[in-house]
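Trainee: Please find one structure pasted underneath; my questions will follow.
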There are 4 protein chains.
Amino acid sequence: MKKIGIIGATGYTGEELLRVLTRHPNVSVAFVTSEQETGTSLAKFFPHLPHYKNMVFRSAQEVVDTDVDLVFLCLPPGYSAKWAKLFVEKLIKVIDLGADFRYVDAPTYKKWCGIDHPFPELLEGVVYGLPEWNRDAIKNAQIVSNPGCYPTTVLLALIPLLKAGVVANEPIIIDSKSGISGAGSSLTKTTHFGEIHESFSAYKPGRLHRHVGEMEQELSKHAQRKIQVVFTPHLAPLFRGLFSTIYVRLQSKLDRSDLLNILTDAYATEPFVLVLDEKLPAAKMATHSNFCFLSLTTVTDSDVAIIFSMIDNLGKGASWQAIQNMNLMLDFPEQEGLV
Amino acid sequence: MKKIGIIGATGYTGEELLRVLTRHPNVSVAFVTSEQETGTSLAKFFPHLPHYKNMVFRSAQEVVDTDVDLVFLCLPPGYSAKWAKLFVEKLIKVIDLGADFRYVDAPTYKKWCGIDHPFPELLEGVVYGLPEWNRDAIKNAQIVSNPGCYPTTVLLALIPLLKAGVVANEPIIIDSKSGISGAGSSLTKTTHFGEIHESFSAYKPGRLHRHVGEMEQELSKHAQRKIQVVFTPHLAPLFRGLFSTIYVRLQSKLDRSDLLNILTDAYATEPFVLVLDEKLPAAKMATHSNFCFLSLTTVTDSDVAIIFSMIDNLGKGASWQAIQNMNLMLDFPEQEGLV
Amino acid sequence: MKKIGIIGATGYTGEELLRVLTRHPNVSVAFVTSEQETGTSLAKFFPHLPHYKNMVFRSAQEVVDTDVDLVFLCLPPGYSAKWAKLFVEKLIKVIDLGADFRYVDAPTYKKWCGIDHPFPELLEGVVYGLPEWNRDAIKNAQIVSNPGCYPTTVLLALIPLLKAGVVANEPIIIDSKSGISGAGSSLTKTTHFGEIHESFSAYKPGRLHRHVGEMEQELSKHAQRKIQVVFTPHLAPLFRGLFSTIYVRLQSKLDRSDLLNILTDAYATEPFVLVLDEKLPAAKMATHSNFCFLSLTTVTDSDVAIIFSMIDNLGKGASWQAIQNMNLMLDFPEQEGLV
Amino acid sequence: MKKIGIIGATGYTGEELLRVLTRHPNVSVAFVTSEQETGTSLAKFFPHLPHYKNMVFRSAQEVVDTDVDLVFLCLPPGYSAKWAKLFVEKLIKVIDLGADFRYVDAPTYKKWCGIDHPFPELLEGVVYGLPEWNRDAIKNAQIVSNPGCYPTTVLLALIPLLKAGVVANEPIIIDSKSGISGAGSSLTKTTHFGEIHESFSAYKPGRLHRHVGEMEQELSKHAQRKIQVVFTPHLAPLFRGLFSTIYVRLQSKLDRSDLLNILTDAYATEPFVLVLDEKLPAAKMATHSNFCFLSLTTVTDSDVAIIFSMIDNLGKGASWQAIQNMNLMLDFPEQEGLV
C-alpha cells in the first residue's frame, strides 16, 4: 500500500482524484490540503465521498514533512513549482495537474503563461505525462506534468498522423468544445448557469490560449518539424465532455482506411485510446472514464481530413490520466483503479 | 389585414411561426394543416398558444381553395413542391421553409437531396430568401425559398468578405454547432434526451450534409468563382442556438480592423445583422430573436481569419426569417412583428 | 408615448424589462441605472438589445429629476424603499420588483426580511400587483409591489379555491421547482453551472423562505381566515420555468370537474391565466410569456387535491407581470406588448 | 469467479450493469441478450464499453441452457416472469429489475400493472430486494425483485420513522423529481430533448403510478398498519438523479434532532445510506454511485416534517442496487464493485 497526498483538493480535479482513488486497491490518501478550507472536515465539504469522512483539509505547509510516496498538485498557474521543488527534494514523486511544468523551458513558459517561471532549473527533468507516447520516461520521472485537457485530445489524434508523414505543412485547424468542468469551480461570470445553459460560446480564439504552446511544442517534437495550430476553444453547455474536431490538409490523396489504419496501428495495444470505425464519437461515450475516442473521415474532392477526438475533461483530460501516470510511476498495473 | 396559411404546422417551425405571428399587427392566420393531426384542435395541441384556440388542424387538400395571400410550407424534403405549385397557380405567394427550392436546378437538387425534383420547371422563378442580399427580388417573388439554418450563418458571415476579394482560394472550414430544434420534433434516437444531454456529437462531416450544396451555390454566386467548403455540423445540448465558427485563409495580411470594417460596412443599415466589435458572440444572445451576430478575429503569425456567426435556429434560421421574407413580399415594414 | 425608467437594470429582471419593452408601442425608456456599471454603454453590456445601443447606464442619483411617468425598481431587498419614496414624492408612479413593499406592515416585513423597513409609512398605500385579484386598485396606485415568483404561482392557484370554501383548515403543502433565473445573476456557488447542471436541490424548506410570509398574508386576506403553508423551494436545472405542485385537503369529497370549474370560472375572462383541462402543465409552455397555466387533479380514495401552477420566472413571475401592472397604471390596454 | 447473464441488455439498466460489472473482481458476464439486436456485436452497440467488445447480443431463447450462477432481467412489465420461471427451474438465481415481482400477490399485481400475472405461484418465494431491510432473506432468495427507483427513495426515508411510531395516521405526500434515465431509452414524445430541456413536468399524479402500490405495500408491512401515500412523480431536465421530497405529519411535537437520530441510528452501519446533518441533499451528490442520501427538517409552528431522499436513478435506483443484491445472493462482500 502506497501513500499519496493531494495539494489543493477542493477543486474539480482534486475531488475527482478522491472519487476515483476510492477504487484503487494499492493506494491510500494520507493528506489533502486547501488554504481556503484549512480545518474543514471532508465529511462536511464532500459529504458524497464518505470514504474520506474522517479527514480534514490541512494547510500545504503543514504536510510537507509527511511521509508519502507521491503527491498530486492541483493548483492554479504559478503555484505548483514551489511545492514540486519541496517534495522532489524529499524524493517524493510529483504529478502536477496544472500548467507550471508543461513547457520545455522558462522562455516558452513565460511566452504562454505570462509570468517568469519560479524554478526554471526544475523544468529539465520534467516528463510530459502522456503515457501513450512517454510511457518509459514517466516510469522513471520525479516530476510528471499531466497534459492539458485540450492537448490530450489533440496529441492523441495527431501524433500518429504526423509521425506517418501524411500531414501537409499547413496550419492545423483545431475546433474544440469543452464542458464547464474545464473552467473550474471558481465563481466567474463565465461559469454562471445563466451564461452557459442554452448557450454556446468561443473564447481566446486563434493563438491566444496557452494550450496552443503546449500542443505545438509536443506536436513539433513528434513530427520533427515546426507545427502550427489555429485553435478555437468553445464552452458548451455540458459538464464533463471535451470534443475536438481537427482539420488537417493531407500530403497526398489518401483513403480513409489508410488514415484509420495509422491510428488503429498506433493504439492497437493501448488500453485507453479507442479508435472507432463506424460510429462518430459523442462526448457522452467517455463520461466517467479514462478513454479517449478517436474517429476520422476524409472529404470528397478535397485534401482535408477531419479527425474527432473525445474525452472526459476530468477523466483522460485531468484526474484519471493523472492516476494512469501514478500507476506507471509507482509500478502498479497501468489500468489499476481506472476501469 | 392579410391572410396567411401554414401547411404542416405541428413541427417546431410551424409552432414558432404561430407564436411570432401572434405579435404581427397586419396578418391573420386563416388555416393550419397537418395530415397526422387533421381534426385536432389547437387548444389541445398547442395549449400554450391560446390565440389560436378556436382553430383546428385541417388537411392540406381541404384548404387549397381558401382565399389567402401567402402560404408557409413547413414540410419534409420532397413534399413542398407539389403544394407550392398548387398555390402559385392560384397566385398565392409561397414561402418554403424546407429544402425543395433551395437549389438552382434539378440536377443540383438531385445531387444533394438524392431524389428527382418533382416540378423542376418551378425552380427558375424561385428567389433565395436571404433578405440582406436578395431584398428586391424577394419583394417580387412568387416563391421564396427560406435559407437553411447553417447556410444563413455562413452566408451572412462570408458574402461580404468574398465580395471584398480578401479570401484566398482554399477550402473554407466551417465548424457549426446546432441546438436540437434543428433536428426537428420527430422521434429519433438522435433527439432522445439521453443522447444529447451531457453529450456533444458530430454528424455528416465533410461534404455530406445537403447544406454544403446550398452554401457553395450561394457563396460561389456572390464570389463569382467556385467556392469549396468543408463543413462539420455538430449537435450541442441546447435547443435554439446555432453557432458557426468559420476558418478562411486570407489573400494577404490584413488587420482585424480591416476585416471588421468590411462586415460593418456591409451591414450598416441592416436591422437584423449585428457586427460585434469587442465581445465574442454567444449563442444565447440570439435566442428568441431574428438577429444574426457576427464577430471575427485574425490570428497572430498566420493568414487564417476566424469568423463567428450565431443565430437562433428557429429565429433567423427558420421561422423569423420567413416572417421577414413575408414582410417584404406583402409590402409590410421589414421589422414588423420581429422585434 | 409615456416615458419610463429602470433603476438597477443590469440583472435578469432589468434585462427582461428592456427586452419586452422593445415591443411596447406606447412606452419609451428614458433611463436605466446601475451603480456598478455607471457609464458603461448598453451597446457593450447588452449587445443583443441593439434597440438601446445609444444608452448608457447612469447612477440612480443622477436620474431622480428626469421627467418620467413610471419607474421600475429592480433592486436587492432593503434598497427599493428609498428610491420609491423619492419618485413618489415627484408624483412618479413606481413598480417595485423586489421584496421591499410586499408586506402589509413593518413588523411583518421585519419578520420575513430580517431588517427594519426604512420607510414604513409608505407601506400603507402600496398595492400588491397581482392584476387578476387587484386590478382596480393597481390602476390607481402610486406604488405597486410586483409579487414574488413563487407567490404568483401559488396565489393564482389557490385564491379561487379558498374563496369557494372548499379547502380544509390544514397546512397547505407547496412544493415548488424554480429555474435559475430566480436566483439572479450574481455569482454564488449556488448558481455555478457545475452545481446546477445534472443536479436538483432544495433550499430553505418549511417556513424559512420569505415568500412564505407573502403567500400567507395574501392567501389569508382572500380566504378571510388564517392560512398556513409549508413550502419547499427547489432549484431545477433550467433557466426560466417555475413549477409549483400544491397539495390541499378538501373540505368535503369533490369531483375534479367541480374544482376545475372553480378555476375556470375565476379566470374565464383573464388574458394571462389559462386553466388546462386535459394536459398536465409543463414549465416549457410558459417560456417567454406572461401566462400562468393551471391544472388540477383529485386523488382516488383521498381528500387531497393536487394543483399545478406554472409560469416563466422572468415572465409572469417578474418582468412581464410588471409590464402588465404598468399597462394598468398608465391606462394602456392590459395586454399591450405582452403577446 | 461466478458467471452471470443479462436478459434485455440494450436499455439503460442493462448498459449500467455492464459498465459497473467491469469493476467487479468476482464476476464475469457470460451472455447478454436482446431480441431486437440479436446478432449485433457489443463493439458496435456499446463502443464505449470495450471490455465486452467480443460479445454479441443473443436471443434469450438461445441462452437458457447456459451455465451461469445468476441472471439479471431488464425487461418491460409482463415479460420477466416467464424467464424467471425458466431460470429458477434450473436453479439459477434471478434478480428482476422490472415490475413483475414487486407485488405480494396476483390481485395486487393486477391492480397496479393492469394485467394478469403469468405465474402467480412464483410470487410467494420472491424477496423484495431492499438490502437495508431484507438483507438475510435476500441472501437465501432464488428470486429477488429489485425495488423501483421512486420506492427506493421513499422506503429508505420512511421505514425508520414509521417503525419508530412518530408518523401520524394521515396521507403521506411524496413529491418526486426524476431524471430522464427513469423513463428509459425507448423513443417517446416524453423523452425528446425538446420536451425535457428547459422544462419541468408532472405525470400520473395522486395514486396513478404503479409505484404507489409498491410503496404502500412495503411501508404498511414495516409500519404494521395501512399507510396511504399521495404521490406526484415529475420529470426534471437531468439524466441520472432522483430527488424525493416527503411530507409527513408527526404524531407529536418532535425536535429535528430526535427525528434525525432515528434515521442515523437506523443506518449507522449501512454502507450505502448516508444521513446528512447540515447540508440539504442535491441530486448530483449521488451521481454514479450506490448511495442514498437522506436529510430532514421539522417546520416551525407545524406538525409537518420534510424528509429529503436522493439517489442516482441508475445507481441505488436500479443497476447498482441490483449488484448489491447480487453480492448478497452470491456471498460476495456487499460493497464489492460498488465503490
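Trainee: Taking into account only those residues within segment C:244-267 that are more than 12 Å from chain D (Cβ to nearest Cβ) and of a type in the set (D, E, K, R), which is farthest from C:Ser178 (Cα to Cα)?
Mentor: Looking at residues that are more than 12 Å from chain D (Cβ to nearest Cβ) and of a type in the set (D, E, K, R), I get C:Lys253.
Trainee: Of everything in segment C:177-186, what is within 13 Å of chain D (Cβ to nearest Cβ) and of a type in the set (A, V, I, L, M)? Give them in sequence order.
Mentor: C:Ile180
Trainee: Out of all the residues in segment C:321-328, is one or more within 13 Å of chain D (Cβ to nearest Cβ), within 17 Å of the chain's Cα centre (by Cα) and buried (at least 20 other Cβ atoms within 10 Å of the Cβ)?
Mentor: No, segment C:321-328 has no match at all.
Trainee: Taking the stated definitions as given, is A:Val154 crowded, with 18+ Cβ neighbours inside 10 Å, at pLDDT 95 or above and farther than 30 Å from B:Leu238 by Cα?
Mentor: Judged against the criteria, A:Val154 is not a match.
Trainee: With the checklist (1) under 15 Å from A:Arg210 (Cβ atoms); (2) assigned to a loop (DSSP other than H, G, I, E, B); (3) among the hydroxyl-bearing types (Ser, Thr, Tyr) in hand, flag the one item A:Tyr109 doesn't pass.
Mentor: Of everything listed in (1) under 15 Å from A:Arg210 (Cβ atoms); (2) assigned to a loop (DSSP other than H, G, I, E, B); (3) among the hydroxyl-bearing types (Ser, Thr, Tyr), A:Tyr109 misses just condition (2).
Trainee: Among all residue pairs at least 6 apart or on different chains, which show Cβ distances below 6 Å where the first residue, located in segment D:225-254, is within 17 Å of D:Ser185 (Cα to Cα) and the second is among the basic types (Lys, Arg) and at pLDDT 95 or above?
Mentor: D:Ala236/D:Lys177
Listed here are the residues, each with its yes/no results for (1) at pLDDT below 95; (2) touching a Cys at 6+ places or on another chain (Cβ under 9 Å); (3) assigned to a loop (DSSP other than H, G, I, E, B).
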{"position": "D:Lys253", "(1), (2), (3)": "yes, no, yes"}
{"position": "D:Leu259", "(1), (2), (3)": "no, no, no"}
{"position": "D:Thr264", "(1), (2), (3)": "no, no, no"}
{"position": "D:Leu274", "(1), (2), (3)": "no, yes, no"}
{"position": "D:Ser289", "(1), (2), (3)": "no, no, yes"}
{"position": "D:Phe293", "(1), (2), (3)": "no, no, no"}
{"position": "D:Asn327", "(1), (2), (3)": "no, no, no"}
{"position": "D:Asp331", "(1), (2), (3)": "no, no, yes"}
{"position": "D:Glu334", "(1), (2), (3)": "no, no, yes"}
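Trainee: Only residues that are under 15 Å from D:Gln324 (Cα atoms), of a type outside the set (S, T, N, Q) and outside any helix (DSSP H, G or I): list them for segment D:3-39, please.
Mentor: Correct list: D:Ile4, D:Arg23, D:His24, D:Pro25, D:Val27.
Trainee: Which residue out of A:Ser289, A:Ser257, A:Ser302, A:Ser309 is among the small types (Gly, Ala, Ser) and surrounded by 24 or more Cβ atoms within 10 Å (Cβ to Cβ)?
Mentor: Working: A:Ser289 fails: surrounded by 24 or more Cβ atoms within 10 Å (Cβ to Cβ); A:Ser257 fails: surrounded by 24 or more Cβ atoms within 10 Å (Cβ to Cβ); A:Ser302 fails: surrounded by 24 or more Cβ atoms within 10 Å (Cβ to Cβ).
Every option except A:Ser309 fails the conditions.
Trainee: Of all residues in segment B:295-314, which are touching a Phe, Trp or Tyr at 6+ places or on another chain (Cβ under 7 Å) and not in a strand (DSSP E or B)?
Mentor: B:Leu314
Trainee: Here is a further query. Can you tell me which residue within segment D:187-243, out of those that are in a loop (DSSP other than H, G, I, E, B) and β-branched (Val, Ile, Thr), is nearest to the other protein chains (Cβ to nearest Cβ)?
Mentor: Only one residue fits best here, namely D:Thr188.
Trainee: How many residues does segment C:175-193 contain that are under 12 Å from A:His197 (Cβ atoms) and free of Cβ contacts under 8 Å to residues at least 40 places away in the same chain?
Mentor: Within segment C:175-193, the subset under 12 Å from A:His197 (Cβ atoms) is C:179-181, C:191-193.
Right, trim to free of Cβ contacts under 8 Å to residues at least 40 places away in the same chain and you get C:191-193.
Number of matching residues: 3.
Trainee: Of (1) touching a strand residue (DSSP E or B) at 6+ places or on another chain (Cβ under 6 Å); (2) within 20 Å of C:Gly129 (Cβ to Cβ); (3) assigned to a loop (DSSP other than H, G, I, E, B), C:Phe72 satisfies all except one. Which?
Mentor: Single failed check for C:Phe72: (3).
Trainee: Might you check whether a residue that is small (Gly, Ala, Ser), outside any loop (DSSP other than H, G, I, E, B) and either out of contact with any Lys or Arg (no Cβ under 8 Å at 6 or more places or on another chain) or within 14 Å of another protein chain (Cβ to nearest Cβ) (or both) occurs anywhere in segment D:169-176?
Mentor: yes
Trainee: Does D:Lys93 satisfy the condition of being touching a residue at least 60 places away in the same chain (Cβ under 8 Å) and surrounded by fewer than 15 Cβ atoms within 10 Å (Cβ to Cβ)? First the steps, then the outcome.
Mentor: Details: touching a residue at least 60 places away in the same chain (Cβ under 8 Å): yes; surrounded by fewer than 15 Cβ atoms within 10 Å (Cβ to Cβ): no.
No: the conditions fail for D:Lys93.
Trainee: State which residue pairs qualify: first residue within 12 Å of chain A (Cβ to nearest Cβ) and inside segment D:31-51, second residue surrounded by fewer than 17 Cβ atoms within 10 Å (Cβ to Cβ) and acidic (Asp, Glu) in any location, beta carbons under 7 Å apart, and separation of 6 or more residues or different chains.
Mentor: Filtered contacts from segment D:31-51: D:Lys44/A:Glu278.
Trainee: Kindly provide the set of residues from segment D:268-299 that are under 20 Å from D:Val248 (Cα atoms), within 14 Å of chain C (Cβ to nearest Cβ) and of a type outside the set (S, T, N, Q), ordered by number.
Mentor: Result: D:Leu276, D:Leu280, D:Pro281, D:Phe293, D:Leu294, D:Leu296, D:Val299.
Trainee: Against the condition surrounded by fewer than 23 Cβ atoms within 10 Å (Cβ to Cβ), touching a Lys or Arg at 6+ places or on another chain (Cβ under 9 Å) and either not hydroxyl-bearing (Ser, Thr, Tyr) or not in a helix (DSSP H, G or I) (or both), how does D:Val144 come out, does it pass?
Mentor: Answer is no for this residue.
Trainee: While we're here: Does D:Ser302 meet the test of being within 14 Å of chain C (Cβ to nearest Cβ) and within 21 Å of the chain's Cα centre (by Cα)?
Mentor: Details: within 14 Å of chain C (Cβ to nearest Cβ): yes; within 21 Å of the chain's Cα centre (by Cα): no.
So D:Ser302 does not fit the description; no.
Trainee: Restricting segment B:44-69 to residues that are in a helix (DSSP H, G or I) and aromatic (Phe, Trp, Tyr), which is farthest from B:Leu18 (Cα to Cα)?
Mentor: Looking only at segment B:44-69, we keep the residues that are in a helix (DSSP H, G or I), and these are B:44-45, B:50-52, B:60-63.
From what's left, aromatic (Phe, Trp, Tyr): B:45, B:52.
Numbers: B:Phe45: 12, B:Tyr52: 8 Å.
Restricting to residues being in a helix (DSSP H, G or I) and aromatic (Phe, Trp, Tyr), the top hit is B:Phe45.
Trainee: Go through (1) closer than 22 Å to B:Ile95 by Cβ; (2) among the polar types (S, T, N, Q); (3) not in a helix (DSSP H, G or I) for B:Ser181 and report which single condition fails.
Mentor: Tallying (1) closer than 22 Å to B:Ile95 by Cβ; (2) among the polar types (S, T, N, Q); (3) not in a helix (DSSP H, G or I), B:Ser181 fails exactly one: (3).
The values are calculated or read from the model by the stated rules, or taken from the named source; none is laboratory data. Everything quoted here is computed from the prediction, not taken from an experiment. Positions of Cβ are backbone-derived with ideal geometry, glycine not excepted, and every protein chain shown enters the neighbour counts.
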